[in-house]
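Report on one structure; see the data block that follows.
The values are calculated or read from the model by the stated rules, or taken from the named source; none is laboratory data. These numbers were taken from a predicted model, which means no experiment stands behind them. Glycine gets a Cβ as well: all are built from the backbone with ideal geometry, and neighbour counts include every protein chain shown. All accessible areas refer to the heavy atoms of the entire protein, side chains included, with ligands and DNA or RNA removed. Shrake-Rupley method; radii C 1.70, N 1.55, O 1.52, S 1.80 Å.
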Amino acid sequence: MAAPVAEAEPQASGAPQLPVCLLVLGMAGSGKTTFVQRLTGHLHNKGSPPYVINLDPAVHEVPFPANIGERLQYGLGPNGGIVTSLNLFATRFDQVMKFIEKAQNTFRYVLIDTPGQIEVFTWSASGTIITEALASSFPTVVIYVMDTSRSTNPTDIIDHSFAVEWMQDFEAFQDALNQETTYVSNLTRSMSLVLDEFYSSLRVVGVSAVVGTGFDELCVQVSSAAEEYEREYRPEYERLKKSLIIIITQNQLFEDTVVLMSVLTLDSGSPVLDPSDLILTRGTLDEEDEEAESDTDDIDHRVTEESREEPAFQNFMQESMAQHWKRNK
C-alpha cells in the first residue's frame, strides 16, 4: 500500500514541465525497494521511464536501473554506514540537483529509494537537506509504503482493502478495534480520533508490487498531489523566501549603517559607540555628557560640604569647653 502526500505555485503557461520527485519512505522490510522496482517497470511500460536515485547503500544488488546510487567502503556497520553515506551524499546534493535539472526535459518522474532504517532519513539533518532541496525546486511527493499483508491460513493472503476501509471509514475502524482486547488495541482506540483526522488528509492507494495492480491509480494520485504542490506549497514557499530576503536585506543595511557610523565616529575622534549604547542613552550624546557633568558637580558639592562641617564642629566643641570652665570657676 502506498499513501502519497504532497506539498505546493502554478507554473507559467508555456513553461517546461518539471519532473515530479517521488520520495519513497517506509519501515525496514516494508517493501520499498520492491515497490520502486515495480513502479520503474510500470513507468517504462507506459513509455515514461523515470530518473532513479538509490539512497540505500545497504542494497548489495539494486534490482532496478539506477541513474545515481551510493556505495560506502569505510568498514562501518550497517547503521553507521547508512548515516555516513547519507551525510556524504548530502554534502554533494547540489551536484545531484544539477543532474536532475539537466534531465528535466527527458524524464517526467524522479524516483528516490531511501534507506530501510526510516529514522536515519527522517530524523537526520541529511534527510532534511535532501528533502527541502528537492521541494524548493521540483514538485515533490512523499510516498509512504507499508506492508498490509494478512493471512487467515498459510495459503490465503488477504488484500489491502480492509486497511483502506479503516483509514477512510471511522466507524469500520472502531468496529475492528472493539473486536480486539490487547493493550495495543486499547492504545489505538484512545488515539483513534487523532488518527481519523490524520488519515483524512492522506491519499491512499492499494498496490501490489508482485502482481502490479493499482499502479495506474497511483500515477493518478501522484499527478493530483503534484498539482497540489504547485497550487499550495510553491506559492507559500515563494512568499516565505521573499520575506526572508527582505529581512536579510534590512539586517545588512542596518549593519552597513552601524559600520558607517563607527567610521565617522573614529574620524571625529569621539569614542565608538555600539548600537545598544545609543539605544540605552535614550537621548543625544551631548545630553549624556551634561548628565555626567551634573553628577560630577554633585560629588564635588558633597565633598565641599563635608570640608565645611569639620571646622564648624571643632568651633562648637571649643565653645562648649570654654563654657564648662567658666561654670567651674
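The number of residues in region 80-111 that are open to solvent by less than 70 Å² (accessible area, probe 1.4 Å), touching a strand residue (DSSP E or B) at 6+ places or on another chain (Cβ under 8 Å) and in a loop (DSSP other than H, G, I, E, B) comes to 1. Taking the conditions (1) surrounded by 16 or more Cβ atoms within 10 Å (Cβ to Cβ); (2) touching a helix residue (DSSP H, G or I) at 6+ places or on another chain (Cβ under 7 Å); (3) at pLDDT below 90 in turn, Q11 satisfies each one other than (1). For region 32-41, state whether one or more residues are modelled with pLDDT under 85, touching a Pro at 6+ places or on another chain (Cβ under 6 Å) and surrounded by 13 or more Cβ atoms within 10 Å (Cβ to Cβ). No. Taken over region 112-141, residues that are surrounded by fewer than 21 Cβ atoms within 10 Å (Cβ to Cβ) and part of a loop (DSSP other than H, G, I, E, B) amount to 7.
Here region 214-237 is the region considered, the condition is being open to solvent by 50 Å² or more (accessible area, probe 1.4 Å) and among the charged types (D, E, K, R), and the residue that is farthest from L22 (Cα to Cα) is E236.
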